[in-house]
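This is the structure, below, for whatever I ask next.
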Amino acid sequence: MGELTIRPQNRGADIAAIADINAQVFDGGTPAFHRLRQSPDPDLVSLVAERDGEVLGHVFFSPVTIDSTPPVAGMGLGELAVRQHCQRQGIGAALTRAGLEALGARGCPFVIVVGVPAYYPRLGFEPGAKHGLRCQWQVPPESFMVYVLDPAAMAGVTGVARYRDV
Ligand SMILES: CC(C)(COP(=O)(O)OP(=O)(O)OC[C@H]1O[C@@H](n2cnc3c(N)ncnc32)[C@H](O)[C@@H]1OP(=O)(O)O)[C@@H](O)C(=O)NCCC(=O)NCCS
């Protein structure tokens with residue numbers, strides 16, 4: 001078995017593999033996937049995990065703004081999916097960490113996620129409420145989490161986090 005590589009999504013060539021993975025794990029695909037297909041956008045961050053020439057997983061981030069004064073822009077983890085037969089091999093963690101690292105390097109102060117509370121805390125996500133952040137949607141409080149990349153930029157920042165319409 002070859003090495004796992006995490007790399008940016010190739011907009012054209014990887015679409016079919018991502019669609020296939022999402023259909024497998026999300027019961028028919030996600031809105032984010034449809035956006036990806038229709039509108040290439042430099043603000044979106046989309047990474048794939050590849051091994052032996054096969055795309056095994058995908059993570060997608062899109063812009064989010066906290067309605068503080070002044071507003072603070074960051075990103076939201078929009079979907080994370082790993083092929084069923086490749087789950088529990090650390091691929092989801094590798095994709096998430098690579099995304100966090102890339103976003104941190106470009107000065108993004110935070111990343112939110114609405115997701116499985118049993119999964120994301122092991123990657124360093126904390127309850128949004130602990131940081132005075134709320135989700136734009138009514139979700140169980142423990143499902144709304146944040147990874148603070150730049151604590152100085154986030155000091156005193158509270159409010160509702162909203163995904164950009166894309
Ligand atoms: C969630 C998902 C992305 C994790 O990717 P992965 O590569 O399997 O995860 P990792 O190998 O990095 O981590 C595995 C650990 O996470 C746990 N885990 C995986 N999915 C989980 C879930 N949905 N709930 C709770 N724990 C989960 C596993 O139990 C495992 O822990 P263990 O080895 O200590 O038992 C993947 O299982 C998946 O695609 N699931 C379906 C789609 C989905 O639910 N996406 C997340 C939406 S928020």
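Just so it is clear, none of the values below were taken in a lab; they were calculated from the coordinates. Keep in mind that this is a model prediction, so the values were computed, not measured. For neighbour counting, all protein chains shown are included, and Cβ atoms are generated from backbone atoms with ideal geometry for every residue, glycine included.
Find how much the distance from A152 to S68 grows on full extension, using 0.36 nm per residue of separation minus their present alpha carbon separation; answer in nm with one decimal.
Working: separation 84, 0.36 × 84 = 30.24 nm, distance 1.51 nm.
Between A152 and S68, full extension yields 28.7 nm more.
Can I ask one more? If exposed means no more than 16 neighbouring beta carbons inside 10 Å and the site is in a DSSP loop, what's the longest run of the chain without any exposed trypsin sites (Lys or Arg not before Pro)?
For trypsin sites (Lys or Arg not before Pro) (loop position, at most 16 other Cβ atoms within 10 Å), the longest site-free span of the chain is 12-87.
In debye to the nearest 20, how big a dipole does the chain give about its Cα centre with +1 on each Lys and Arg Cβ and -1 on each Asp and Glu Cβ?
Numbers: 14 positive and 16 negative charges, 39 e Å.
Around 180 debye, computed over the chain.
How large is Rg over Rh for the chain, taking Rg from the Cα atoms and Rh as the Kirkwood inverse mean of 1/r across Cα pairs?
Ratio value, two decimals: 0.96.
With runs of 4+ DSSP H residues as the only contributors, calculate the mean residue ellipticity of the chain at 222 nm using -39,500 (n - 2.57) per run, divided by the residue total and rounded to the nearest 500.
Details: 4 runs with 38 residues, N = 166.
Estimated from H runs of four or more residues: -6500 deg cm²/dmol.
Compute the long axis of helix 91-105 from its Cα atoms, compare it with the longest principal axis of the Cα atoms of the chain, and write down the angle in degrees, 0 to 90, nearest 10.
Tilt relative to the chain: about 50 degrees.
Which of the chymotrypsin sites (Phe, Trp or Tyr not before Pro) found in the stretch 125-164 are in a DSSP loop and have at most 13 neighbouring Cβ atoms, other than their own, within 10 Å?
On the way: sites: F125, W137, F144, Y147, Y163; in loops: F125, W137.
Answer in residue order: W137.
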